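Written out below as structure tokens is the structure these notes cover.
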Amino acid sequence: FLETTAYFCMKPKMGEKEVSPHSFFSIWHEFSSDFKDFWKKENKLILQERVKEAEEVCRQKKGKSLYNIRPKHDSGIVSKIVAIL
């Protein structure tokens with residue numbers, strides 16, 4: 001614990017000789033909860049950007065068809081019967 005507080009440059013409050021676990025973890029809890037909130041917001045934004053990119057790719061692929069559709073020629077039985085009538 002003392003090595004961790006030294007790493008994060010924690011100084012004891014006035015009137016205390018060492019950093020107490022309560023003071024360290026109260027600050028750490030605030031930091032971690034803020035970090036979690038920002039992490040969730042950032043992930044939500046990234047997800048929205050990816051959805052927009054995927055929708056754009058779908059729109060572009062729908063615009064370009066990978067195959068050509070040729071019109072159907074009237075050479076079936078129904079067209080011959082209709083031509084006779």
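The values are calculated or read from the model by the stated rules, or taken from the named source; none is laboratory data. Everything numeric here is computed off the predicted structure, so don't read it as measured data. For neighbour counting, all protein chains shown are included, and Cβ atoms are generated from backbone atoms with ideal geometry for every residue, glycine included. For the accessible areas, the whole protein counts, side chains as well, though only heavy atoms, and no ligand, DNA or RNA atoms are used. Shrake-Rupley method; radii C 1.70, N 1.55, O 1.52, S 1.80 Å.
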*Please give, to one decimal in nm, the separation of the simple spin-label points placed at Ile27 and Ala6, each 7 Å out from Cα toward the Cβ.*
1.7
*Pairs of Cα atoms farther than 21 Å apart, the chain, %*: 68
*When the accessible area of the chain is split by element with a 1.4 Å probe, what percent falls to carbon and sulfur?*
61
*For the chain, what is the calculated [θ] at 222 nm in deg cm²/dmol (nearest 500), taking -39500 (n - 2.57) for each run of four or more DSSP H residues and dividing by its residue count?*
-23000 deg cm²/dmol
_With θ taken as phi - 60° and the coefficients 6.51, -1.76 and 1.60, list the Karplus ³J(HN,Hα) couplings across the range 52-61 in order, rounded to whole Hz; mark glycine and proline as x._
4, 5, 5, 5, 5, 5, 5, 4, 5, 5
_Accessible area of the chain divided out per residue, in Å², using a probe of 1.4 angstrom_ = 105
